[in-house]
Ligand code: G
Ligand code: G
Ligand code: MN
Ligand code: NA
């Protein structure tokens with residue numbers, strides 16, 4: 001209740017801030033983009049985890065406002081990233097369940113004018129309600145030049161219908177599979193099959209939550225190429241991201 005009230009009265013542009021986590025392409029041997037991760041620093045409640053406030057925001061319908069604040073922050077930094085580097089923003093169910101919410105995002109990106117280097121991540125759970133509407137929403141983003149990733153793949157309400165019907169550029173294999181890649185043969189088989197699926201579809205396959213060299217080696221052995229996780233970089237501030245980019249390794 002207190003959280004809901006604090007969120008509804010929050011100055012979102014002020015209280016929501018974002019961190020950036022690198023995505024490393026093995027075959028290109030460089031960081032090709034960053035996932036943009038929302039954080040909330042409430043003057044009343046202090047730091048609130050997105051694991052707490054995103055579901056609440058989703059439930060109370062305020063999530064499109066948060067998403068738009070995050071998109072504005074991504075647009076404010078994108079020009080400082082050397083092309084072809086891109087940023088990737090997470091979407092929730094409400095962002096794609098009405099054209100009004102999607103038009104808010106489209107308008108922000110349209111106003112920025114420059115060739116679009118903002119991508120989006122959507123979970124299977126978020127598109128479940130009305131797949132046709134979600135599809136139309138994603139097509140509107142695609143028309144801007146954004147790319148769409150299917151996030152947390154393999155968890156929640158997985159269905160190959162999503163892969164079949166949605167206009168995807170990448171699939172992000174959930175970190176729960178990565179975590180056990182060296183101890184669970186079933187997860188390894190699922191990863192291998194998903195890599196093959198991505199290859200056959202011509203979409204890229206991103207691994208999340210890589211924390212150890214052992215996990216990385218196993219994924220490379222299975223043919224993985226785009227990696228995200230603490231081993232490659234924790235979510236970092238804009239300042240840290242830009243400093244790393246300007247300092248030679
Ligand atoms: O950053 P962290 O791992 O703590 O995020 C926890 C969850 O919150 C993840 O599922 C992540 O996708 C989600 N999340 C982070 N930022 C955003 C955001 O801007 N919008 C939405 N919808 N979800 C986000
Ligand atoms: O649901 P989504 O994939 O968008 O969530 C991304 C979340 O995963 C972020 O909250 C981020 O902080 C978290 N994360 C990123 N890398 C790692 C990692 O290597 N290990 C763990 N445990 N979490 C990670
Ligand atoms: Mn994500
Ligand atoms: Na994910």
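The values are calculated or read from the model by the stated rules, or taken from the named source; none is laboratory data. These numbers come from a predicted model, not from an experiment. Heads up, the Cβs are rebuilt from the backbone with ideal geometry, glycines too, and the neighbour counts pull from every protein chain shown.
Assorted remarks:
- Residues in segment 18-29 that are touching a strand residue (DSSP E or B) at 6+ places or on another chain (Cβ under 7 Å) and farther than 16 Å from residue 240 by Cα: 24, 25, 26.
- Helices (runs of 4 or more DSSP H) lying entirely in segment 67-144 (those with 2 or more residues that are within 16 Å of ligand 4 (Cβ to nearest atom)): 93-96
- One residue stands out in segment 145-165 among those that are modelled with pLDDT of 90 or more and assigned to a loop (DSSP other than H, G, I, E, B): the one that is surrounded by the fewest Cβ atoms within 10 Å (Cβ to Cβ), namely 145.
- Residue 233 in a loop (DSSP other than H, G, I, E, B), within 15 Å of ligand 1 (Cβ to nearest atom), touching a residue at least 12 places away in the same chain (Cβ under 8 Å) and under 28 Å from residue 140 (Cα atoms): no
- Filtered residues of segment 116-147 (kept if within 14 Å of ligand 1 (Cβ to nearest atom) and either free of Cβ contacts under 8 Å to residues at least 24 places away in the same chain or under 24 Å from residue 81 (Cα atoms) (or both)): 118, 119, 120, 121, 122
- Taken over segment 204-233, residues that are more than 16 Å from ligand 3 (Cβ to nearest atom) and at negative phi amount to 15.
- With respect to the stated conditions, residue 87 fails to be at pLDDT 95 or above, under 24 Å from residue 23 (Cβ atoms) and either more than 14 Å from ligand 2 (Cβ to nearest atom) or out of contact with any strand residue (DSSP E or B) (no Cβ under 9 Å at 6 or more places or on another chain) (or both).
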